[in-house]
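One structure below.
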């Protein structure tokens, strides 16, 4: 004899009967129970929090990378403008 919503599972030669826990519920009851259930709420919170941290890290990385590139270009320009005689004269006073 089988019931509506019943399925059979065969493991190691034994047949297990699984009953559908939602059998007999209407969709309205299902959605009401789903809305009340808070089992996955913490997971959703962590996913949103992790996404926000990752986005903030991307913004900070972009800001730092742009600033470092500008500083490197400025340093290269300054050092390129120096001649070896000026550098030698500045270093001559050190022991």
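The values are calculated or read from the model by the stated rules, or taken from the named source; none is laboratory data. Keep in mind that what you see is a predicted model, and the values were worked out from it rather than measured. Please note: Cβ atoms are built from the backbone with ideal geometry, for glycine as well, and neighbour counts cover all protein chains shown.
Applying the selection to segment 41-92, what residues are assigned to a loop (DSSP other than H, G, I, E, B) and surrounded by fewer than 10 Cβ atoms within 10 Å (Cβ to Cβ)? Working first, answer last.
First pass over segment 41-92, keeping only residues assigned to a loop (DSSP other than H, G, I, E, B): 81-83, 92.
The answer is 81, 83, 92.
Residue by residue, here is whether (1) under 36 Å from the mean Cα position of the chain (by Cα); (2) modelled with pLDDT of 90 or more holds:
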{"residue": "13", "(1), (2)": "no, no"}
{"residue": "30", "(1), (2)": "yes, no"}
{"residue": "42", "(1), (2)": "yes, no"}
{"residue": "50", "(1), (2)": "yes, yes"}
{"residue": "70", "(1), (2)": "yes, yes"}
{"residue": "79", "(1), (2)": "no, no"}
{"residue": "82", "(1), (2)": "no, no"}
